[in-house]
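The structure under discussion appears below in the form of structure tokens.
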Amino acid sequence: MPQVQDLESAALKEIAEAPSTARLRELEIKYIGKSGLITGQLKQIGSLPPEERKSFGQQVNESKERFQALLETRMEALKENEREEQYQRERIDVTMPGVPARMGREHVLQQAANRIKAVFTGLGFQYLESPDVEEFRYNFEALNYPPNHPAMDDQDTFYISDDLLLKTQATALQGRVYEKVKAGDMSLPLRVFTLGRCYRNEAVDRTHGHTFHQVDAFMIDEGISMADLKGTLGLFARAMFGEDVLVRFRPDFFPFVEPGVDYAISSPKLFGGKWVELGGAGLIHPNILETYGIDSERWSGFAFGLGVERIPMLAFGVDDLRNFLENDLRFLEQFPG
Amino acid sequence: MKFPYSMLLDFVETSLSAEQAGDLLTMAGFELEGIENVNGEPVLDIKVMSNRGDGLSVFGLAREVLAKDSTAKPTELYLNACRRFHSESAPEISNTNPTTSSVQIQTSDCTRYAYRRYYNVQNGLSPSRIQERLSKAGMRPISLLVDLTNYVMLELGQPLHAFDFDKLEGGKIVVRKAAQGEKITTLDGQERELSPHMMMICDAVRPVAIAGVMGGADAEVSPETNSVLLESAHFVNTSVRKTRTALGMSSEASYRFERSVDPGGVVAALERFSQLLAEVPGSASPGETVDVYAGAATPRPIRLRIARSDLLLGMPISEEEALSYLTRLGFRASRTGQGEFEVVAPSWRPDVLREEDVIEELGRVHGYERIPEALPRGSTTLGGPAGYESWKDKVRENAVRLGFNQTISQTLRDLSPLDNPRLARIGPRGINDPEMMWLRNSTLSSLADASRRNGGKNLQLFEMGQIFGHHDGNVVEATSIGFLFQGSIQAESWNSKPPGGSTFFNLKGLIGELAYRTLDGVQFQVPDYLDSRLHPTRQAELLGGQDSIGILGQIDPDVAERAGMPEDTMLAEINLFRAYDHALTNVQVRPISKNPAVRPDIAFLIDKSVPFAKISETLSSAAGDLLEKSWLFDVYEGKGVPDGQHSLAIALQLRKLGGNLTDEEATQVRERVLQALAGLGATPRG
């Protein structure tokens, strides 16, 4: 009997003195492991008289339970200390720089294009494309240009051959679409927009380039009016530039619209309160509708154009058009996307 | 068009300031481009639309002001101009038979030719008021006769030309096309060679002016001029335009004729000239007037429906308003029924041809600022891109996700060492600037420029856009995507090991991932034809099915040198137009196994000449369905490996659907694979 008691006090002393959880785990094995000192006492049970066996067994088990209880308490305390030490040991300077990540980025014109596309997609305009090398007839003839119109001059337009040119306006898509309507491959009503690269033989400076990008959007339905055009442009401009943007129309002339206007936007907070011209617009010229067999008494439509470069120029204060196609990453990295 | 504000006030009585009048004209479609103060007077610079030649005169702009501003009043001069300066006291006009007349018109490009003779002219200086106004309008005062022609043109828009009558051979005018090889020395002192399409004003023997463009030096008025023939004519706009562009010249007169001059105002300009000349003391006396004119074509009446106007403009304009606006603009409108008019456009408005044109006039005068904002009603349509356009978006988005920065470059450009040697270039005709003579035939040319601009180090770029060329006599255009990878994939940092440089296999990994996400299976194979831009032993061809859709490789060292790029430049280009035939459109999901995988490795020696693609293919077919995936995890050559061979170690990941794989099964697969590879000459190791 005294053996068990002595053993227990020695064990409890050792637990109290243990400096670490690792030592506690050693003591656990030493005393109450499979062949631990306390557990081992039970082996003697066979050599005891039968009447003592029960109480001896009980004594050993109680001793083991007390050992376990103390061990757990002690374990918890030490664990807490050790975790705290670990935390101190593993301290880092969180103000040091992060490891540079490598992520791709879309070009600022692409970002503008994506925003434009999202707005028109939301308005139910189908997105289509037309080639850069365009047929003369789509770029001019189909758009109600009179023969010998100044815009057709070699000095203004890049010709590949007599019949092929680099498209001067994204509007060139319209004839292709109307042709499909005439052939029955597309039907009315329709809402279409495109975004494309345009070329004009112009001297290059801060605000002019021989290559630029345009959006052209048009729709044909019953009863489409200048008010619908103004409302759609207003919605678009507010989506791009903010809630308090206003739209203004001014008479202008484009062969493919009648009436024709240019439209400008303004907002008390932007552009110094000035009117900023965005592009040309109007009702699709009835001559065009009739050319493609569309009854201009029943159907009317609007069309408008927009310079893609204008968007980042106005929104971010880019003041030199040439930045866009030079791909200096110091410029492009300023537009996170 | 530039003019001093006081000239407008000659025609309009208004309380508007010059700025206000400019803004009003702007909103009428005649944009105020600038306003400056010259010698104490505002000078307006107005941009006139190409279809509104009638706006190239103070009188025409006054009409617009009067239409827009109901408080403005016409002056006596304005009303006179409206009456075409017709006065009882003017000399009688002989509208003679063209065949016997002193004027012979031999071309249909001249629809009206009138002149007035003046005798005992003293061609000194013009009155200082005229000189001042011309100077402010940007025209140099020259002499009384020249200044008055310019002044009348500024006022009324009708170009005039004064000939020294004594210098006209035979005392007659012939309007005809130039003869081949004919020449004329124009007022600017230049001798010009003429072509047979050019319309000339001639005397009995030679050209004395290029019709509507510029006078000739031979019959020019001078201080000695005593007898004058003053021309006022109407020439067809396209003819004048063609002539002046062919000659590469332009004048105030040609600018107006090109944009159409009012044929009805030809004689009025002569009258106004006489009036102004009469104000100069002792100047001259007008003589006979000749006017050869077949008469105006009968204008076609246009039906105007107010309801149609309301519908198209999206704002209501009443019958009374419509009538008032049209009248103020010089249109004749008569009511033909409820909400309907018959409208006749004035002779100075050849641009108004149909109802919509008239409706535009109503809207313009009523004010576009009064149009409300509405949104289209009608059927719902499906918006956005589809098909090819939508797939290209997906390709671009995945390129960005893989870490590439997008560039967007000029397509008109110079030659580049990175141009595609197998696609003949095209370019716009007549362009001599080497910087824009060609359309790019590869996006790699653009990426080479972007690489140079950004230092050629640690770059990962892509460009997606059009490429051009010609093939079998046809112009071809396609969308292409090009990739460039140079230097390290990661920026230098205190916290990472020195990053590895770009290799063929880095870019292959990226392109492979892009292909996996957008294409239905892509093979990289040793190319049948080498691309000379790429390292001859480090390039691959991308195949979609049997179609060649792109290339991938390290830049050729010579090309790198010529292009000023580092040798560790990796390049790839995919023709999206061709690749789209193999676009990933449908994904069929496979069930996933819940059972654990077994991963036996194999290692073997094999000749380096055996392509890995062959090994991989053999391995897959030998392993069968149990092979989930396999990957090459070690390549070794050197000590212990015979020359010409290398040691490859491949992990096989095996898994069964719906049951655990036994060790036995795994061993069987491994043995089958090694056996099959032995057929390629592989000997197992370890």
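The values are calculated or read from the model by the stated rules, or taken from the named source; none is laboratory data. What you see is a predicted model, and the numbers here were worked out from it, not measured in a lab. Note: ideal-geometry Cβ built from the backbone for every residue, glycine included; neighbour counts use all protein chains shown. The area values use the complete protein model at the heavy-atom level, side chains included, leaving out ligands, DNA and RNA. Shrake-Rupley method; radii C 1.70, N 1.55, O 1.52, S 1.80 Å.
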Among all the aspartates and glutamates, which ones have a C-alpha under 17 Å from B:LYS73's C-alpha, if same-chain residues fewer than 8 places away are not counted?
B:ASP10, B:GLU13, B:GLU64
Under 16 Å Cα-Cα from B:LYS242, which aspartates and glutamates qualify once same-chain neighbours fewer than 8 residues away are excluded?
A:ASP153, A:ASP154, A:ASP156, B:ASP109, B:GLU193, B:GLU252, B:GLU258
Charge-dipole axis of the protein assembly as shown as Lys and Arg at +1 and Asp and Glu at -1 on Cβ define it, positive-most pick from A:GLN3, B:TYR529, A:PRO97
A:GLN3
Where chain B is the region considered: accessible area per residue in Å², 1.4 Å probe
46 Å²
Taking the Cα atoms only, what angle lies between the long axis of helix B:504-518 and the longest principal axis of chain B, rounded to 10 degrees?
70 degrees
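Averaged per residue, what accessible area in Å² does region A:162-312 show with a 1.4 Å probe, protein chains only?
Numbers: 4860 Å² over 151 residues.
Heavy-atom SASA per residue in region A:162-312 reads 32 Å².
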Relative contact order as a percentage, chain B, C-alpha pairs under 8 Å and 6+ apart, gives 9 percent
Exposure of A:TYR145 as accessible area (Å², to 10), given a probe of 1.4 Å and all protein chains
30 Å²
With n ≥ 4 as the cut-off for DSSP H runs, can you work out [θ] at 222 nm for chain B, using -39500 (n - 2.57) per run divided by the number of residues, rounded to the nearest 500?
-8500 deg cm²/dmol
Place a +1 charge on the Cβ of each Lys and Arg in region B:164-236 and a -1 charge on the Cβ of each Asp and Glu, then give the dipole magnitude about the Cα centre in debye, rounded to the nearest 20.
360 debye
Give a residue-ordered list of calculated ³J(HN,Hα) values for region B:411-420 (Karplus: 6.51 cos²θ - 1.76 cosθ + 1.60, θ = phi - 60°; whole Hz; x for Gly, Pro).
9, 7, 7, 8, 6, 9, x, 9, 4, 6
Taking every C-alpha to C-alpha distance in the protein assembly as shown and binning by 10 Å from 0, the per-bin percentages run 2, 8, 14, 15, 14, 12, 10, 7, 5, 4, 3, 2, 1, 1, 1, 0, 0
For chain A, longest principal axis from Cα atoms; helix A:108-122 axis from its Cα atoms; angle between them, nearest 10 degrees, is 80 degrees
Work out which residues of region A:291-337 lose at minimum 30 square angstrom of accessible surface when the other protein chains are put back, relative to the chain isolated, with a 1.4 angstrom probe, and list them by number.
A:GLU297, A:LEU325, A:GLU326, A:ASN327, A:ASP328, A:LEU329
Average Cα contact separation per residue, region A:108-332, under 8 Å, 6 or more apart, as relative contact order %:
21 percent
Beta carbons within 10 angstrom, averaged per residue: use that to sort the peptides B:482-492, A:80-90, B:181-191, highest first.
B:482-492, B:181-191, A:80-90
What quantity of accessible surface, computed with a 1.4 Å probe and excluding non-protein components, is buried in total between chains A and B, in Å² to the nearest 100?
7000 Å²
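Any of A:LYS274/B:LYS394; A:LYS180/A:LYS269; A:LYS274/B:LYS68; A:LYS274/B:LYS136; A:LYS54/A:LYS79 with alpha carbons more than 32 Å apart? Name them for me.
Among A:LYS274/B:LYS394; A:LYS180/A:LYS269; A:LYS274/B:LYS68; A:LYS274/B:LYS136; A:LYS54/A:LYS79, the Cα-Cα distance tops 32 Å for A:LYS274/B:LYS394; A:LYS180/A:LYS269; A:LYS54/A:LYS79.
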Over region B:93-293, what relative contact order in percent results from Cα pairs under 8 Å that are six or more residues apart?
34 percent
Can you give the average number of partner chain beta-carbon atoms within 10 Å of each beta-carbon in peptide A:141-148, as a whole number?
1
Going by amide H atoms built from the backbone, whose H comes under 5 Å of the H on A:GLN126, apart from near neighbours?
A:ARG191, A:VAL192, A:PHE193, B:GLY384
Cα-based helix-to-principal-axis angle, B:612-623 vs chain B, degrees rounded to 10
60 degrees
The aspartates and glutamates whose Cα lies under 19 Å from the Cα of B:LYS608, excluding any fewer than 8 residues away in the same chain, are B:GLU617, B:ASP634, B:GLU637, B:ASP643
Can you give me the convex hull volume of the Cα atoms of region B:302-370, divided per residue and expressed in Å³?
73 Å³
